[in-house]
Every structure is written in structure tokens, then in C-alpha cells.
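Accompanying notes for the structure given below.
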Amino acid sequence: MGLDVKFDSANRKVQLTTQDRLLAQSGASGSYISADRAKEIALADTGLKEGNAVFLKVKLERDDGRYQYDVEFYSGTTEYDYEIDAITGKILSAGRELDDFIVPVDTSGGSAGNGIISADRAKEIALADAGINANDAVFKKVKLDRDDGRLEYEVEFYAGSKEYEYEINAETGGIISRDIESHN
């Protein structure tokens, strides 16, 4: 979930710290490139201008002990996915996929426009199917994507000791798949 975890065994306490607070506390924030710089690096690699791209995500994450930016955006019918080292700015991975992307108009109500449900509605559908109250869930991801020619939401959340993953048809609200894993 992108949190730094420390356990004090003597006092039996867990301390969870968000990435941005961890960087600020450690004084290391000046040694990381900015999210805007990560976007610039990805765009430069594609040869695109920012005005020709729709960014879905630019997020600082920790993977295998390394801080990196996960950068996802669309231009035309191509989806771009980059992982960029947060210290050096080096491109760790780059992927492109031809897609038929539609920019959602509004994600706040029951409909996101263009005949698709909103991200909030997709969350409600997943929670209702799982029998989980929204106050008991911690969402990891709610992402609109295209798979096998159809728009769908990938919805991932935690509740208690279980992780829930749903794929929900963005046009009908029907559940395409669900996966529930128990964690200790």
C-alpha cells in the first residue's frame, strides 16, 4: 500500500508512514526527482508533448527497496507505462499498448459520461458484492482500463485480513471477475 512499516517489538506497536511524510522526515526529499520531472522523462522518451498526453497516474512507489515513479498515460490510441528511478531519473521499464481509450467525463456521480459508470459506482458494486462497508475498506486501486475491447474498472481494496480484486464492466456495472485472498 506504499507505506513504510516499522515494528517496535518491545512495546508491540506498529508505525505506518506515508511515502511523502517519510521523505520529508528523512530529509531525503531533495535527492528525488519530482513527479513533473518523471513525466518529462517519459514524454521525452516517446517524443510527445504534454498537451498530447492524458496522464492517468504519476506515483512514487517503493519496489524491491528502490523508489521509483510509475507513470501511465495515453496519447491517441496508445497507452504508455513507465517505471522511472526516483533518484537517477533512469527509465527502468517502458511499455506501449495499442488501445481504444475514452477519457471519462465525470467520475463523481453515478455515470462518468460516454455511457460508462463512475469509479465511485464501481467501488460501490465491488463493496456490495463483498458484503463490506465502505468505512471498513482501504482502496488500493480503482482504474479504468480497456481489456479485450471493453472498458472495465480494476478495483482493489483491503478489508480486515483479506485483499479483494474485482474487474467490473464499465458500461453495464456487471462483475467480470473477483478474487479474494486472505493475508496474515
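Please go through segment 162-177 and give me each residue that is touching a strand residue (DSSP E or B) at 6+ places or on another chain (Cβ under 6 Å), more than 16 Å from residue 141 (Cα to Cα) and among the small types (Gly, Ala, Ser), ordered by number.
Matches in segment 162-177: 173 only.
Give the residues of segment 150-164 that are open to solvent by less than 60 Å² (accessible area, probe 1.4 Å) and without any contact (Cβ under 8 Å) to a residue 60 or more places away in the chain, sorted by residue number.
Going residue by residue through segment 150-164, those that are open to solvent by less than 60 Å² (accessible area, probe 1.4 Å) are 151-159, 163-164.
Correct list: 151, 152, 153, 154, 155, 156, 157, 159, 163, 164.
Could you tell me whether any residue of segment 10-21 is assigned to a helix (DSSP H, G or I), among the basic types (Lys, Arg) and modelled with pLDDT under 80? Walk me through it before giving the result.
Narrowing segment 10-21 to residues assigned to a helix (DSSP H, G or I): 19-21.
With the extra rule that they be among the basic types (Lys, Arg), the set shrinks to 21.
Now narrow it down to the ones that are modelled with pLDDT under 80: 21.
Checking segment 10-21: at least one residue is assigned to a helix (DSSP H, G or I), among the basic types (Lys, Arg) and modelled with pLDDT under 80.
Count, please, the residues in segment 110-133 that happen to be small (Gly, Ala, Ser) and modelled with pLDDT of 90 or more.
First, pick out the residues of segment 110-133 that are small (Gly, Ala, Ser): 110-113, 115, 118-119, 122, 126, 128, 130-131.
From what is left, the residues that are modelled with pLDDT of 90 or more are 122, 126, 128, 130-131.
Here the count works out to 5.
Checking residue 84 against (1) touching a residue at least 40 places away in the same chain (Cβ under 8 Å); (2) in a loop (DSSP other than H, G, I, E, B); (3) of a type outside the set (Asp, Glu), which test does it fail?
(2)
Restricting segment 51-92 to residues that are of a type in the set (Val, Ile, Thr) and open to solvent by 20 Å² or more (accessible area, probe 1.4 Å), which is nearest to residue 31 (Cα to Cα)? If you could, list the steps in order and put the result at the bottom.
Restricting attention to segment 51-92, the residues satisfying the condition of being of a type in the set (Val, Ile, Thr) are 54, 58, 71, 77-78, 84, 87-88, 91.
After this cut, where a residue has to be open to solvent by 20 Å² or more (accessible area, probe 1.4 Å) as well, the list is 54, 58, 77-78, 87-88, 91.
Values: 54: 27, 58: 18, 77: 35, 78: 32, 87: 6, 88: 9, 91: 17 Å.
By that ranking, first place goes to 87.
Across segment 135-149, what is the number of residues that are open to solvent by 60 Å² or more (accessible area, probe 1.4 Å) and among the aliphatic types (A, V, I, L, M)?
Residues meeting the conditions: 1.
For (1) in contact with a helix residue (DSSP H, G or I) (Cβ under 9 Å, 6 or more places away or on another chain); (2) not hydrophobic (A, V, I, L, M, F, W, C), each residue gets a yes or a no:
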site: 54; (1), (2): no, no
site: 64; (1), (2): no, yes
site: 67; (1), (2): yes, yes
site: 74; (1), (2): no, yes
site: 77; (1), (2): no, yes
site: 98; (1), (2): no, no
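I need a count of the residues in segment 117-133 that are open to solvent by less than 30 Å² (accessible area, probe 1.4 Å), part of a helix (DSSP H, G or I) and out of contact with any helix residue (DSSP H, G or I) (no Cβ under 7 Å at 6 or more places or on another chain). Show your work before the answer.
Taking segment 117-133 as the starting set, the residues that turn out to be open to solvent by less than 30 Å² (accessible area, probe 1.4 Å) are 117-119, 122, 125-127, 130.
Among the residues that remain, those that are also part of a helix (DSSP H, G or I) are: 119, 122, 125-127, 130.
Keeping just the survivors that are out of contact with any helix residue (DSSP H, G or I) (no Cβ under 7 Å at 6 or more places or on another chain) gives 119, 122, 125-126, 130.
Total satisfying the criteria: 5.
The values are calculated or read from the model by the stated rules, or taken from the named source; none is laboratory data. Just so it is clear, the structure is predicted and the values come from calculations on it, not from any experiment. Here the Cβ is made from the backbone with ideal geometry for all residues, glycine too, and neighbour counts use every protein chain on show. Ligands, DNA and RNA are stripped out before the accessible areas are found, and what is left, the full protein with its side chains, is counted by its heavy atoms. Shrake-Rupley method; radii C 1.70, N 1.55, O 1.52, S 1.80 Å.
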